[in-house]
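The values are calculated or read from the model by the stated rules, or taken from the named source; none is laboratory data. As the structure is a computational prediction, the values presented were derived from the model and not from experiment. Here the Cβ positions follow ideal geometry from the backbone for every residue, glycine too, while neighbour counts run over all protein chains shown. Heavy atoms of the whole protein, side chains included, go into the accessibility calculation; ligands, DNA and RNA do not. Shrake-Rupley method; radii C 1.70, N 1.55, O 1.52, S 1.80 Å.
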Amino acid sequence: MATNDSPKRQAAVAALIAAPSIVAAAQLAGTSERTLHRWLKDDGFLADLHAAEAGALDAATRRLVGLAGD
């Protein structure tokens with residue numbers, strides 16, 4: 001995560017990918033919903049979130065392609 005050096009912000013990015021909602025992501029990351037909503041308006045945070053989402057999608061696709069090849 002190039003833009004967000006804060007461990008809390010890094011945890012929030014991971015939580016947003018893993019959790020089914022903002023409420024659950026905030027709890028998982030140990031921060032408030034209000035903070036997550038504020039960070040989601042930050043271009044640097046969004047860039048990190050989008051990069052992490054792309055990485056997760058790429059990893060899932062590779063796993064699925066691997067399963068199809070078996």
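In region 2-32, what residues are of a type in the set (Gly, Ala, Ser), surrounded by 14 or more Cβ atoms within 10 Å (Cβ to Cβ) and under 10 Å from the mean Cα position of the chain (by Cα)?
Those that are of a type in the set (Gly, Ala, Ser), surrounded by 14 or more Cβ atoms within 10 Å (Cβ to Cβ) and under 10 Å from the mean Cα position of the chain (by Cα): Ala11, Ala12, Ala14, Ala15, Ala19, Ala25.
Please list, ordered by first then second residue, the pairs with beta carbon atoms under 6 Å, 6 or more apart or interchain, first in region 53-66 and closer than 23 Å to Leu40 by Cα and in a helix (DSSP H, G or I), second hydrophobic (A, V, I, L, M, F, W, C) and open to solvent by 40 Å² or more (accessible area, probe 1.4 Å).
Ala56/Ile17
Just for region 33-70: of the residues that are at pLDDT 95 or above and exposed (fewer than 11 other Cβ atoms within 10 Å of the Cβ), which one is farthest from Pro7 (Cα to Cα)?
Ala54
For (1) closer than 17 Å to Ala56 by Cβ; (2) touching an Asp or Glu at 6+ places or on another chain (Cβ under 9 Å), each residue gets a yes or a no:
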position: Asp5; (1), (2): no, no
position: Ala14; (1), (2): yes, no
position: Ile17; (1), (2): yes, yes
position: Ala24; (1), (2): yes, no
position: Ala29; (1), (2): yes, no
position: Glu33; (1), (2): no, no
